[in-house]
Amino acid sequence: MTETTQTAERIMVALDYATAAEAERLLRMLEGIPCYMKVGMQLFYSAGPDFVRQLKERGYKVFLDLKMHDIPNTVKGGAESITRLGVDMFNVHAAGGKRMMEAALEGVDKALNGTGARPIVIAVTQLTSTDQTVMNREIGIPGTVEDAVVRYARTAQAAGLDGVVASPREVVRIKSVCGAQFATVTPGIRPAGSAIGDQSRVMTPAEAFAQGTDYVVIGRPITGADDPRAALEGIVASIHQA
Ligand code: C5P
């Protein structure tokens with residue numbers, strides 16, 4: 001496996017599109033680059049499970065980013081259905097609590113029934129679009145974002161999950177508390193010079209990997225670029241240069 005392939009496999013491209021046709025256009029532009037594909041709620045709610053199955057049939061690794069947050073029994077059922085789709089990774093909100101996260105794993109086990117590869121199950125900690133003011137004043141969680149993220153990560157680990165979604169700024173602390181094997185998936189990634197948009201806690205791809213993150217999630221800097229393929233190749237090159 002080349003260095004480029006290894007790096008590409010740790011880049012998750014956020015397919016934040018309204019239709020399968022638009023996502024397909026990007027897939028064609030990125031053809032041959034073995035990046036992870038992230039399907040979020042916009043595309044899933046329009047293109048549905050069929051699109052996810054097609055991605056898997058075409059050999060892509062798929063992260064289904066539906067951020068489940070509901071009562072444990074409902075999340076268990078959701079996790080069971082998601083696992084049957086054959087995705088490689090999916091997530092729930094850590095704010096749903098330990099029991100809810102355990103229920104997600106029960107749903108996975110029910111779907112697998114002892115056979116097949118278990119998807120990586122991770123928890124969303126604090127969204128990278130929220131800063132401390134929003135967290136304290138609107139959501140009502142006191143303290144720093146970092147402390148809240150670490151608390152969520154500990155709870156996710158205690159529930160048996162494989163890792164968390166967090167800002168790259170929190171990776172070092174998460175790894176020091178939960179161990180190097182506990183996976184971190186980090187959105188809020190902006191290559192030097194690209195627009196921040198609605199993200200608030202951002203880092204460049206190379207900086208995020210230098211922090212020890214396992215996967216970076218990148219959406220608009222690739223999907224919104226004039227030349228998405230060149231943007232992705234530029235990101236891979238910037239990681240190697242660092
Ligand atoms: O376009 P951009 O690079 O900001 O896209 C980031 C992607 O990561 C989006 O699909 C968003 O839903 C997702 N995400 C996030 N923050 C989280 C979890 C997921 O931005 N905490």
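The values are calculated or read from the model by the stated rules, or taken from the named source; none is laboratory data. Model, not experiment: these values are computed from the prediction. Glycine gets a Cβ as well: all are built from the backbone with ideal geometry, and neighbour counts include every protein chain shown. Ligands, DNA and RNA are stripped out before the accessible areas are found, and what is left, the full protein with its side chains, is counted by its heavy atoms. Shrake-Rupley method; radii C 1.70, N 1.55, O 1.52, S 1.80 Å.
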Top-ranked residue in region 182-219 [being of a type in the set (D, E, K, R) and crowded, with 17+ Cβ neighbours inside 10 Å; ranked as nearest to V121 (Cα to Cα)] = D214
request  = Could you tell me whether T74 is surrounded by fewer than 21 Cβ atoms within 10 Å (Cβ to Cβ) and in a helix (DSSP H, G or I)?
outcome  = yes
query = Within region 112-144, can you find the residues that are in contact with an Asp or Glu (Cβ under 7 Å, 6 or more places away or on another chain) and open to solvent by less than 20 Å² (accessible area, probe 1.4 Å)?
reply = P119, V121, I122
ask   = What is the number of the single condition among (1) farther than 15 Å from F63 by Cβ; (2) hydrophobic (A, V, I, L, M, F, W, C); (3) in a loop (DSSP other than H, G, I, E, B) that L161 does not meet?
value = (1)
query = If you take the residues in region 108-127 that are in a loop (DSSP other than H, G, I, E, B) and either of a type in the set (S, T, N, Q) or within 16 Å of the ligand (Cβ to nearest atom) (or both), which one is nearest to G77 (Cα to Cα)?
reply = N113
inquiry  = For the condition more than 11 Å from the ligand (Cβ to nearest atom), assigned to a helix (DSSP H, G or I) and crowded, with 21+ Cβ neighbours inside 10 Å, what is the one hit in I222, I174?
reply    = I174
